[in-house]
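Asks: This structure is in structure tokens; I'll ask about it shortly.
Laboratory data are not the source of any read-out in this text; all were calculated from the coordinates shown. Note that the structure is predicted; figures quoted are calculated from it, not measured. No Cβ is skipped: glycine too gets one built from the backbone with ideal geometry, and neighbour counts run over all protein chains shown.
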Amino acid sequence: MSSLLDAPNTPDPNDHEHASNCVGCLDRRQMLKRAGLVTAGVAAAGVLAACGSGGGGGSTNDTPSENTGGGSGALAKVSDVPEGGALSVEDADGNELLLTQASAGTIVALSAICTHQGCTVKGDGGELLCPCHGSVFDLSGANVSGPARKPLSEVDVHVVDGEVLAGKT
Ligand code: FES
């Protein structure tokens, strides 16, 4: 890729404002042009990096995927899940989940993968917040505000002896 940054440093013959004898020197207009290109390039790279990071690889994921939680074993103790809040956990397959307890004893497991572009959603008081673009979900996974428009996927879990286990039974 070529850019003005790689362009030879020749004076502009039409530039009458700067009739300098300094061959190879940049005039003010050339400096501003090049600085603008560098700034635009850095800004573009930042936007791309922001879209490509955060656990989702930057792909659009507006379709909730089925996630059964995988494996067996306790994800957490019910007592570890804050009442009126959420706990981030990982299942045996490395899937990031949110266990929520909107009311005492009612545990819901959700995929923590944002349905907008795949960032990892975290508990934020009584809501679930995506740090990438600010989507908000309630503790049932329903979308409260965008840019995500779809709910978080529910994951099957069950409770035995005060422990939240992956799977239906
Ligand atoms: S990835 Fe964009 S709001 Fe979550």
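Asks: Show me, for the range 112-126, the HN-Hα J-couplings you get by feeding each phi into the Karplus relation (A = 6.51, B = -1.76, C = 1.60, θ = phi - 60°), rounded to Hz, glycine and proline as x.
Replies: Coupling constants for the range 112-126: 7, 7, 4, 7, 7, 9, x, 6, 8, 7, 10, x, 9, x, x Hz.
Asks: Which whole-Hz couplings ³J(HN,Hα) result when phi for each residue of the range 75-84 is put into the Karplus expression 6.51 cos²θ - 1.76 cosθ + 1.60, θ = phi - 60°, listed in order with x for Gly and Pro?
Replies: 7, 5, 8, 4, 5, 7, 8, x, 5, x
Asks: Which of Asp161, Asp138 comes first, and how do the rest follow, when ranked by fewest Cβ neighbours within 10 Å?
Replies: Values: Asp161 8, Asp138 15.
So the residues, fewest neighbours to most, are Asp161, Asp138.
Asks: Report, by chain and number, residues whose modeled amide H sits under 5 Å from the one on Leu97, excluding near sequence neighbours (fewer than 5 apart, same chain).
Replies: Counting only residues 5 or more places away or on other chains, the set is Val89, Glu90, Asp91, Ala112.
Asks: Which residues' amide hydrogens lie under 5 Å from the amide hydrogen of Leu75, considering only partners 5 or more residues apart or on another chain, with H built in the peptide plane?
Replies: Placed amide hydrogens put Val164, Leu165, Ala166 under 5 Å from Leu75.
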